[in-house]
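Data block below; observations after.
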Amino acid sequence: MAPTATTTTTGEQQQHPRKAVGLAAHDASGHLSPIRILRRSTGDDDVAIKVLYCGICHSDLHTIKNDWKNAIYPVVPGHEIAGVVTEVGKNVAGFAAGDRVGVGCMVNACRACESCEEGAENYCARVVLTYNSRDRDGTVTRGGYSDMVVADARFVVRFPDALPLDAAAPLLCAGATVYAPMRRHALGAPGSHVGVIGLGGLGHVAVKFARAFGAGKVTVISTSPAKREEALERLGADAFVLSTDAAEMKAAAGTMHGIVNTASAAASLHPYLALLKPHGKMILLGIPDKPLQVSAFALIGGGKTLAGSCMASISETQEMLDFAAEHGVAADVEVIGAGEVNAAMERLAKGDVRYRFVIDVGNTLKAD
């Protein structure tokens with residue numbers, strides 16, 4: 001199918017004169033089809049990137065379906081972007097043509113607030129997301145389901161040579177999202193017992209990082225008995241707890257120093273908080289569509305902590321990639337062609353992926 005042209009204003013064409021092709025959803029059906037889009041010229045502080053791979057995050061599905069009621073159609077998703085540098089601006093010293101680089105969940109921020117000054121751009125109130133967001137010039141950002149992107153060098157990270165780009169692309173969201181809070185809260189410290197709720201795109205990487213950190217025991221907690229073999233045999237977890245089995249939950253109660261909660265279901269947290277030791281921590285990463293149910297006594301009684309975390313800063317993302325390369329951590333992926341993306345979205349909605357789809361953009365997304 002030939003790409004359709006996106007509607008642009010004269011001003012946007014002047015700001016973004018470079019032609020590119022992408023995959024876009026035009027309405028809440030979420031159906032993705034080829035589209036011609038515009039990218040800005042490489043500015044003095046920019047890096048132009050040929051996209052080779054882009055991971056499919058569950059938030060991509062939510063956005064194209066307008067589940068969060070914030071879609072700016074046409075939406076070109078994708079914030080797990082891996083590729084090679086084709087051009088750099090005159091002020092860019094850290095990257096050169098041919099470098100293997102990535103762009104994750106954000107492409108800009110205010111750069112002046114307390115969060116930005118502390119190197120926590122992901123918590124800037126004016127953070128600009130990689131797609132479906134308004135950039136500082138007023139244009140709508142378009143993501144990595146595209147043959148090329150242009151990004152400010154401050155929001156570009158480098159892939160170590162030891163990481164294959166297809167399996168490393170999901171680390172830019174899934175990997176960074178679990179790595180940052182696990183490091184910040186010392187989940188996975190040597191000898192500790194870490195629980196991981198949910199065994200999907202985030203959960204499977206959390207298991208791998210916990211093992212790489214040197215955790216004494218890693219337990220996967222799931223509502224699906226089918227995940228037991230995957231957790232123990234495929235990912236190397238030490239234990240599995242079926243959360244719908246009262247006996248298994250009781251046996252695991254009070255044994256965990258920390259829990260990484262990647263689930264998006266709006267279930268009561270009380271039985272899961274009971275798994276923590278006194279002063280244990282649960283970190284929320286999933287985004288349920290309904291308010292969570294939390295008993296104050298479940299926290300107060302054991303002096304427990306319930307915290308949230310969102311994405312990761314650029315420095316944390318680079319640190320994560322370097323750590324992943326050193327310790328052999330990468331996502332388990334299913335590489336697909338651009339023409340298979342709609343079928344992949346249908347499978348993702350059913351949880352039928354182990355554990356991340358990655359689009360082979362470089363070889364399969366063509367202008368004609």
* Extending each Cα 7 Å along its Cβ direction at LYS250 and LYS290, get the distance between those two points in nm, one decimal. => 2.7
* Structure fact -> Sorted by chain and number, the residues with a modelled amide H under 5 Å from that of MET311, at a separation of 5 or more or across chains, are none
* Shape category assigned to region 175-308 from the gyration tensor of Cα positions, a/c cut at 1.5 -> rounded
* Return the distance in nm (one decimal) between the two label points of a simple spin-label model at SER268 and ASN342, each offset 7 Å from Cα along Cα→Cβ. => 4.3
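So with the 1.4 Å probe, I'd like the accessible area per residue for region 175-308, rounded to whole Å². All intermediate terms of the calculation are to be shown ahead of the outcome.
On the way: 5700 Å² over 134 residues.
Result: 43 Å² of accessible area for each residue.
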* Asked: For the chain, what is the mean residue ellipticity at 222 nm derived from helices alone (per DSSP H run of n ≥ 4: -39500 (n - 2.57); sum divided by total residues; nearest 500 deg cm²/dmol)?
  -> -6000 deg cm²/dmol
* Asked: How many percent of the accessible area of the chain is carbon or sulfur, using a 1.4 Å probe?
  -> 52
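If each residue of separation counts as 0.36 nm, what is the full-extension length gain between ARG154 and SER33 once their alpha-carbon separation is subtracted?
Between ARG154 and SER33, full extension yields 40.5 nm more.
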* Asked: Given a Förster radius of 22 Å and the C-beta distance between SER315 and GLU114 as r, what FRET efficiency does 1/(1 + (r/R0)^6) yield to the nearest 0.05?
  -> 0.90
* Using a Gaussian network for the chain with springs between C-alpha atoms less than 10 Å apart, which of these wobbles most: SER33, SER192, SER264? -> SER264
* About the Cα centre, charge dipole magnitude for region 175-308 (Lys/Arg +1, Asp/Glu -1 at Cβ), debye -> 380
* Structure fact -> Among trypsin sites (Lys or Arg not before Pro) in region 62-153, those in a DSSP loop whose Cβ has at most 11 other Cβ atoms within 10 Å are LYS69, LYS90
* For the chain, built as a Gaussian network whose Cα springs stay under 10 Å, the top-fluctuating residue of ALA266, ALA153, ALA312 -> ALA266
* Can you grab the distance from the C-alpha centre of region 49-127 to the C-alpha centre of region 265-303, Å, no decimals? => 31
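Local charge sum around LYS304 (other residues, Cβ-Cβ under 12 Å, Lys/Arg +1, Asp/Glu -1)?
Working: positive: LYS277, LYS281; negative: none.
Here the charged neighbours net out to +2.
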* What is the set of long-range amide H partners of GLU87 at a cut-off below 5 Å, with H atoms built 1.01 Å from backbone N? -> ALA48
* In terms of modelled amide H atoms, which long-range or inter-chain residues lie less than 5 Å from the amide H of ILE37? -> ALA20, VAL21, GLY22
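Would you list the membrane-span-like helices of the chain, meaning whole DSSP H runs whose alpha-carbon atoms span at least 18 Å along their axis and whose mean Kyte-Doolittle value is at least 0.5? Display every interim value, and only then the final one.
On the way: long enough: 201-213 (19 Å, 0.83); 314-327 (20 Å, -0.40).
Length and hydropathy pass: 201-213.
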* Size of electric dipole in the chain: Cβ of Lys, Arg +1 and of Asp, Glu -1, about Cα centre, debye, nearest 20 -> 580
* Among ALA109, ALA344, ALA246, which one shows the biggest mean-square fluctuation in a GNM of the chain, springs joining Cα atoms closer than 10 Å? -> ALA246
* At 7 Å along the Cα-to-beta-carbon direction for both THR364 and GLU326, put a label point, then send me their distance in nm to one decimal. => 3.5
* Structure fact -> For the chain, shape from the Cα gyration tensor axes a ≥ b ≥ c, cut at a/c of 1.5 then a/b versus b/c, turns out prolate
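The values are calculated or read from the model by the stated rules, or taken from the named source; none is laboratory data. Only a predicted model underlies this, so the values are computations on that prediction, with no experimental measurement involved. Every residue, glycine as well, gets a Cβ built from its backbone with ideal geometry; the counts of neighbours run over all protein chains shown. Side chains are part of the model used for accessible areas, which takes the heavy atoms of the whole protein and leaves out ligands, DNA and RNA. Shrake-Rupley method; radii C 1.70, N 1.55, O 1.52, S 1.80 Å.
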